[in-house]
Amino acid sequence: MGEAAKIRAVRLANGAVNLFVLFVILLLFAFGCYAMWDSRQVYQAADAARYEVYRPSDEKGDLSFKELQAINPEVFAWLTVYGTNIDYPVEQGPDNMKYVNTNAQGQYSLSGAIFLDCNCEQDFSCFPCILYGHHMEKNTMFGEIGNFADKSYFDARKYGMLYYGGQEHGLEFFAFVHADAYDGSVFRPNVTDHKAYLETLLSKALHTRDVRLAPDDRIVLLSTCSARSTNGRDILVARITGETYENTFKTDEPGKNGSALQVDGLPRLWMRIPLWLRIAILIVPPLLLLFLALTILKKRRSQQRR
């Protein structure tokens, strides 16, 4: 092979490598944009504000709630935890898998929905009743349950509301528990020995509140995945009462219920940046690198020709 042929071969190889690098950069950029868009769609679908229009209200009656039930007849209740963004309709499916990837409107969704254990009664007469929801960032679904591991957060948030059977009922939160997902002593609906069950449950609690429980009190567990252990579950435990409580955290902003503790500050800061600016942040660095690479390549080729 002559010297000129070798030079052409080297140039072709360099060009192929440059094109491959360019392709990889563009591929990574496209994947990053898609991932950002997809993540945004998931969290928007899980935002409590999306369901605000269907929320039962004393002012409007329950017409809007009935409209949601007309869309999905398996909707039967509404859950609100004061001082958080947990403010969602509640469903119950034929099993405990349907609403893992189905939203309150009956559509496929990675964020799922808040749902009652299929072995529980919709009048919350079983003991205990268990509500499940995904642990998600950005204060969606049951993403804020884990915040109750902080003692001050737990102490500041005592009450909530559970709407079912056409009327509101109070929720009085008295324990935060961390347990294994396969712990049959906790995840066991319809127990008969209420006292023994509560003693076991409270023995696993990280935080408790002095609440006098009567033998006929109804108990509900709000359960979600936990980052503390592989099969861990964070559980907020409440007593259902006939008395309703004032929401001292209430604001006029839809979908916002006065959550104060920020556990994912950097992701929140990123999501506050306008979408066009986030795209620009992702686009500009690869383009600058590409421009620099092409400039260097052009300079090298110019030198080789000389």
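Assorted remarks:
- Close amide H partners of R218, meaning residues 5 or more places away or on another chain with modelled amide H under 5 Å apart, are I240.
- Put simply, when 208-216, 84-92, 170-178 are sorted by average Cβ atoms within 10 angstrom per residue, most first, you get 84-92, 170-178, 208-216.
- Neighbours of D234 by Cβ distance under 15 Å: Lys/Arg scored +1, Asp/Glu scored -1, total 0.
- When only Cα pairs below 8 angstrom with a gap of at least 6 residues are kept, the stretch 77-210 shows a relative contact order of 22 percent.
- Per-pair calculated FRET efficiency, R0 = 30 Å: L110 and Q167 via Cβ, rounded to 0.05: 0.35
- Prolate/oblate/rounded call for the stretch 51-264, Cα gyration tensor, a/c under 1.5 rounded: rounded
- Placing unit charges on the Cβ atoms of the charged side chains and taking the dipole of the stretch 51-264 about its Cα centre, the candidate lying farthest along the positive direction among Y159, H134, S185 is S185.
- Counting Lys and Arg as +1 and Asp and Glu as -1 over every other residue whose Cβ lies under 11 Å from the Cβ of G93, the net charge comes to -3.
- Gyration tensor (alpha-carbon) shape descriptor, the stretch 104-149, a/c threshold 1.5: oblate
- Given R0 = 30 Å, the distance between the Cβ atoms of S152 and V284 translates into a calculated FRET efficiency of 0.15.
- The count of lysine pairs in the stretch 51-264 whose Cα atoms are under 20 Å apart, excluding pairs fewer than 8 places apart on the same chain, comes to 9.
- Between C118 and S57, the modelled labels are 3.6 nm apart [label points 7 Å from Cα along Cα→Cβ].
- In this simple spin-label model, placing a label point 7 Å from the Cα along the Cα-to-Cβ direction at both S203 and R228 gives a separation of 1.7 nm.
- Percent of beta bridges antiparallel (DSSP, the stretch 51-264, rounded to nearest 5): 90
- Between R188 and T241, the modelled label-to-label distance comes to 2.8 nm, taking each label 7 Å out from Cα in the direction of the beta carbon.
Each value in this text was obtained by applying a stated rule to the coordinates, not by laboratory testing. What you see is a predicted model, and the numbers here were worked out from it, not measured in a lab. With ideal geometry, Cβ positions are generated from the backbone for all residues, glycine too; neighbour counts draw on all protein chains shown.
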